[in-house]
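To keep things clear, I will list the structure first and then write my remarks on it.
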Amino acid sequence: MIPSPQPGQQDGQNQSRDPSNDEYTVSQNPPGIRLARSPAAMHSCFRHGVSIVNLSTGTYFRLEAMGFEIWKILAQPTTIEEIRADLSANCTTEPDNAHTTIVAFVDSLKQAGLVVAI
Amino acid sequence: MTPSDTLREAVARAVLLMRDYAGRGVQADRGDTVTPAAWRVLEDNRLLNLCDPADRTDIDRHREAIWSMNAPALYTIAQLSRRLAADEIPHVFIKSPLLTHALHGDPFFRMSTDVDVLVSAADRTRALRVLDALGFQLSAACRTLFWRTFMGEQHLDPTRPDFLTVDLHTMARHPAGYAPGLTRSILAGRMMTALGDGHVPVPNPSDAFLLGAVYLLKSLLKYEPAGSHLLDLAVMHGRLDPERQQSITALAAARGLKRTTAFARDAVRMLLEPEIGTASRDAAPLRRALSGDEFWIRFLAPSECGPLGRVRCIAASCDRPSDTLKAVGWDTGRWLARHAADAGLF
């Protein structure tokens, strides 16, 4: 199960979203659309996860386990299908709802302004 | 005060790691556990990131602590720069995670406990208004004439939890004397660097080197471990072509920083090319003041050194002999002013 990104801190004055992120969700994207880390997201990797700050909103996130793996894959522009293939290559079994879960997770990253469609 | 053998070993270990990092020394033995004394020296000098994470698992904890300070610092820089630019206030961010990003490829390489922004004295009031609008409040201790005029900086504390303390500088100067035009030239020569989805101003490479030399000397004068400044200077030095090195020498002379800069360059050479030694005549008095083993101990563990070196540093770091007396007088005056301010006299 992939957890949603956990905000570390939120400030009432800074929850305005980047309008470009509100236009559509990942699940609405046609297949093949490429996704990448947002330039506003700065991160630091640790042994068991990655901490990310959105410099536009001042919101912090922490990703671990599979979320951390997906963040690493997003270092290069990639598609949902490629993320799934990459994860499958490193897993012995793949859950039935893997695609849906990955889409939902990447969607939440996009809503948080950490990922953009390019 | 005589440094113990353990401390000497710790300092030697730190120097080895710095040489290894700069790609100039013998490969440090990564398998060797970092001793508690070496760990303390590296921590004091903000060089813990030179350790291999495989050596110490608690490096991760240290890096998490850096993250918790530098992430708000980066957010503060991004937001403050946007507002200052909107009000057309020329500014430049110094000593920030942006510097470690530019030099070491990682804004989380070293902890930043505050954000240092430089504006001209003429723009100070307007900059304070911008900071006030962002919710910053002038620290009570920094309202005095001493901080505003002598120190040329004031601390502003955030009222929002997502911001970090801002140090508003109106002066960048040599700690023991005058560096005419340094502030103006840093602002005039600023360059833009990417931060998130925007760009923010930072000093150009020449001014960054001059500032690094000033910080190195400042650390020596204030008994602060100077390893991080030395490492930054070493990285900057490695990127300078001979033409740029010449231009920095001329620039330093024009700003009253000739001997300070020469000393910093010699210290870097001693770090990177110890077998060659140093040749700069300009820095010779200061180098003599820190000769032998005391050189590295004064840099990396200054609390173990006596006060005599401080006077020697002041005397030797000024470009003109006539400045020496002025520098000692300035230093004494600053000490008196600080105590007068503490006593509430002004």
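A short reminder: the numbers here are calculations on the coordinates, not readings from a lab. Computed from a prediction, not measured in an experiment: that's the story for all the values here. Because the Cβ atoms are built from the backbone with ideal geometry, glycine has one as well, and the counts that use them run over all protein chains shown.
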Exactly which trypsin sites (Lys or Arg not before Pro) in the stretch A:45-118 are in a DSSP loop and have at most 12 other Cβ atoms within 10 Å?
A:47
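So what's the net charge close to residue B:247: Lys and Arg +1, Asp and Glu -1, counting the other residues with Cβ under 12 Å from its Cβ? Can you show the working numbers first?
Details: positive: B:244; negative: B:207, B:241, B:243.
Overall, the nearby charge balance is -2.
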Burial ordering of B:87, A:107, fewest other beta-carbon atoms within 10 Å first
B:87, A:107
Would you work out which of A:83, A:106, A:59 lies farthest towards the positive end of the dipole of the stretch A:31-117? Charges go on Cβ: Lys and Arg +1, Asp and Glu -1.
A:59
Within 15 Å, Cβ to Cβ, of residue B:141, how many net charges do the neighbouring residues add up to if Lys/Arg are +1 and Asp/Glu are -1?
-2
Once fully extended, how much extra length lies between residue B:121 and residue B:157, figured as 0.36 nm per residue of separation less the alpha-carbon to alpha-carbon distance?
11.0 nm
About the Cα centre of the stretch B:95-196, how large is the charge dipole given +1 on each Lys and Arg Cβ and -1 on each Asp and Glu Cβ? Please answer in debye to the nearest 20.
340
The stretch B:108-197: trypsin sites (Lys or Arg not before Pro) in DSSP coil with no more than 15 other Cβ atoms inside 10 Å
B:143
In nm, the gap between the two label points placed 7 Å beyond Cα toward Cβ at residue B:149 and residue B:6 is 4.8
Added length on full extension, which subtracts the Cα-Cα distance from 0.36 nm per residue, residue B:254 to residue B:87:
57.0 nm
Once you charge only the Cβ atoms, +1 for Lys and Arg and -1 for Asp and Glu, what is the size of the charge dipole of the stretch A:31-117 about its Cα centre, to the nearest 20 debye?
360
Report, to one decimal in Å, the Kirkwood hydrodynamic radius for the stretch A:31-117 based on all distinct Cα pairs.
13.2
So for the stretch B:190-258, taking the charge dipole from beta-carbon charges (+1 Lys/Arg, -1 Asp/Glu), which of B:215, B:233, B:199 sits furthest toward the positive end?
B:215
Would you mind ranking B:130, B:200 so that the residue whose beta carbon has the fewest other beta carbons within 10 Å leads the list?
B:130, B:200
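Determine, for B:193, A:92, B:125, the number of other Cβ atoms within 10 Å of each Cβ, and report the residues in order from fewest to most. Show your work: numbers first, answer last.
Values: B:193 14, A:92 5, B:125 9.
The fewest-first ordering by Cβ neighbours comes to A:92, B:125, B:193.
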Each residue of the stretch B:59-75 in order: what ³J(HN,Hα) in whole Hz does its phi give by Karplus 6.51 cos²θ - 1.76 cosθ + 1.60, θ = phi - 60°, with x for Gly and Pro?
4, 4, 5, 4, 5, 5, 5, 4, 4, 5, 9, 6, 5, x, 4, 5, 5
